[in-house]
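The values are calculated or read from the model by the stated rules, or taken from the named source; none is laboratory data. Quick caveat: nothing in here was measured; it's all calculated off a predicted structure. All Cβ positions, glycine included, derive from the backbone under ideal geometry; neighbour counts span all protein chains shown. Side chains included, ligands, DNA and RNA excluded: accessible areas come from the protein's heavy atoms. Shrake-Rupley method; radii C 1.70, N 1.55, O 1.52, S 1.80 Å.
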Amino acid sequence: MEPALPPNRVLTVPNALSAIRLVLIGVFVYVLLVAHANGWAVGILMFSGASDWADGKIARLLNQSSRLGVLLDPAVDRLYMVCVPVVMAMSGIVPWWFVAVLLARDGLLAATLPLLWSRGLSALPVTYIGKAATFALMSGFPLVLLGTWDALWSRVVGACGWAFLIWGMYAYLWAFALYVVQMTLVVRRIPRLKDGARQPAAPKTVEHG
């Protein structure tokens, strides 16, 4: 039996939080690259990380899950994972090789989407290690940004931030390796949709085994 789809609604608290996070991406770019207001940039990253955690909790507690939220929340997360490291590299805060590794991983993952779509699937579910990697990276970036001040506390916080980023990068790559394994199983076990076959209105996902 097909799983029940979430309601098709727009005006919910989680969707509002995701929309605010989306707008704040542009604000973050401005305050860091143009205004050079590192303190405000840190505040934006901290708010974005907290609201990303909160919108999922609110959706479950208040029964406010929606089809828009299922698509919008991970899309905003992906934008953050692209824009934040790139902007921080442009500011000279993180090295470009670190950003290149993250972007290459996401690019390879995106390249597999046509294989899923050809089998009537929208995406593979996020693994716990993937969630942990995203949490570590989203925690590490504001801490590294706090480490740009010329003070002892700032250097200590910055070192902690780099610990989060390095662990997060390895976990990010590990999650991708698990994703490749799951993709291989999907390709082997699920046949392609026949030419002219109707694509499902709301493609389903498959569970990790």
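Label reach from residue 178 (point 7 Å along Cα→C-beta): in segment 117-160, amide nitrogens under 20 Å belong to 122-140. Spread over its residues, the convex hull of the C-alpha atoms of segment 34-154 is 141 Å³ per residue. Shape summary: segment 95-192 maps onto an equivalent ellipsoid whose semi-axes, from the alpha-carbon gyration tensor, are 35, 12, 9 Å in decreasing order. Using the Cβ-Cβ distance between residue 67 and residue 192 with R0 set to 30 Å, the FRET efficiency from 1/(1 + (r/R0)^6) comes to roughly 0.75. On full extension, the segment bounded by residue 27 and residue 101 gains 24.1 nm, given 0.36 nm per residue less the C-alpha separation. Sorting the segments 167-179, 143-155 by their residues' average number of neighbouring beta-carbon atoms within 10 angstrom, most packed first, yields 167-179, 143-155. Per residue, the chain exposes an accessible area of 58 Å² to a 1.4 Å probe, with every protein chain left in place. For the chain, taking the reciprocal of the average inverse distance between every pair of different Cα atoms yields a Kirkwood hydrodynamic radius of 18.7 Å. Rounded to two decimals, the Cα-based Rg/Rh of segment 7-93, with Kirkwood Rh, is 1.04. Surface composition of segment 7-93: carbon and sulfur atoms hold 73% of the protein heavy-atom accessible area at a 1.4 Å probe.
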